[in-house]
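These notes are about the structure you will find just below.
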2 protein chains.
Amino acid sequence: MTEVATARRSRITPEREAELYEAVLDLLREVGYDALTMDAVAARTRSSKATLYRQWGGKAELVAKAVRHTKPGGAGLAEIDTGSLKGDLHALTLRSDDCTMEQNSALMRGLAMAIHGNPDLLQAFKEYLIAPEMAEFRTVVQRAIDRGEVRPDNPAIDYVMHMMIGGFAARSMIDEQPPTQAFLLSYIDAVVLPALGNQNV
Amino acid sequence: MTEVATARRSRITPEREAELYEAVLDLLREVGYDALTMDAVAARTRSSKATLYRQWGGKAELVAKAVRHTKPGGAGLAEIDTGSLKGDLHALTLRSDDCTMEQNSALMRGLAMAIHGNPDLLQAFKEYLIAPEMAEFRTVVQRAIDRGEVRPDNPAIDYVMHMMIGGFAARSMIDEQPPTQAFLLSYIDAVVLPALGNQNV
């Protein structure tokens, strides 16, 4: 166990990691989550299954991190600091171009189905995708509070993720279109900023 | 064809219709959409398959209408007219008790999965569930515009359904809880009313 725990802390290069994530996403698009096996990932990426398990623990974590990897600058929201809530939320949206969002939208629909039958996938999604995004939104909103743009007791602060997820999910369902940058910017201006009492529009 | 078209216009009693919808929902909970057959519905309800097809056209329409039927007073929003947007939206929410919402939430998760592989179910959902709900929200918002509570050019008017669906979907996903009346009332007050520029809170 000590050996495994130590090995799991060892790092692969960022290039190799990106290559692995790309292969996982390709396989996901080809066969879906349930039919995806660690054997297939190992074969496609010419790595050993032992390495994959050491590095990622299992399929759910590997898939969640691969999806997270498609979000450009996923870890770098702290670098987006435009000086206004509107500017920050727009910059956050503009990190993904329309083509990436359309691809992700199809991928996420497939994974949303898989999540129902795979509690470990749900947990991995919450830990590696939803929690980091919520933290990003909290950072952006906290800055707006600190600048005096948003009142600290505004009840909509707890619902920023609900509003954004609503924009994504309902766009697919009601409008039958993937969310585009233009749609999301318009939704942020019409819904998220006014709900936060932000009149800087 | 003429005979079928005429027969499809014939009516069954509302009691019999309610009984059929209940049986369809029971079967849905037992086996899911894909495994549900018109044969099983016919057997369970002691009706002929021919009758079912005449009355509902097919499985997708029958299921969508059965789900619609669980929404109390689904057709009767016009009767909710409290004199304020907040009052109307709250009354709309309070039509379903928490137990019904929890049951529907589980049912809808299953059907959301089935929709991906069944374009006819998506169409039936849009026609018999989403369109009527959107019409209800439009009625409520139009009244608020007519009373001068909401500006007719408020851009959030187009996103009322997006906001509400976001509340439902994200509640399940982020909070891992079914939406409750208390949650929805709080979400309406924190998000929907402020986005619509409604200060009557």
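The values are calculated or read from the model by the stated rules, or taken from the named source; none is laboratory data. A quick note: this is a predicted structure, and the numbers were derived from the prediction, not measured. We place every Cβ from the backbone using ideal geometry, glycine too, and count neighbours over all the protein chains shown.
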Of the conditions (1) within 14 Å of chain A (Cβ to nearest Cβ); (2) closer than 17 Å to B:ILE157 by Cβ, B:GLY117 satisfies every one except a single condition; which number is it? (2)
Residues in region B:112-124 that are closer than 20 Å to B:LEU184 by Cβ and at pLDDT 80 or above total 0
A:GLU61 in contact (Cβ under 8 Å) with a residue 60 or more places away in the chain, touching a helix residue (DSSP H, G or I) at 6+ places or on another chain (Cβ under 6 Å), at negative phi and surrounded by 14 or more Cβ atoms within 10 Å (Cβ to Cβ): yes
With respect to B:LEU77, determine if the residue is hydrophobic (A, V, I, L, M, F, W, C), in the same structural domain as B:ARG143 (by TED's automatic domain parsing) and at pLDDT 80 or above. no
With the condition being more than 21 Å from B:ALA66 (Cα to Cα) and more than 14 Å from the chain's Cα centre (by Cα), I'd like the helices (runs of 4 or more DSSP H) fully within region B:78-177 carrying at least 1 qualifying residues. B:85-94, B:131-146, B:160-174
Of (1) surrounded by 14 or more Cβ atoms within 10 Å (Cβ to Cβ); (2) over 20 Å from B:VAL192 (Cβ atoms); (3) not hydroxyl-bearing (Ser, Thr, Tyr), B:ARG95 satisfies all except one. Which? (2)
Output for region B:161-187, where each listed residue is more than 7 Å from chain A (Cβ to nearest Cβ), surrounded by fewer than 21 Cβ atoms within 10 Å (Cβ to Cβ) and closer than 17 Å to B:VAL141 by Cα: B:LEU185
Condition check: at pLDDT below 95, more than 21 Å from the chain's Cα centre (by Cα) and closer than 23 Å to A:LEU111 by Cβ. Does A:ALA35 satisfy that? yes
Take A:THR45 and tell me if it is in contact with a helix residue (DSSP H, G or I) (Cβ under 7 Å, 6 or more places away or on another chain), under 29 Å from A:ILE157 (Cβ atoms) and among the hydroxyl-bearing types (Ser, Thr, Tyr). no
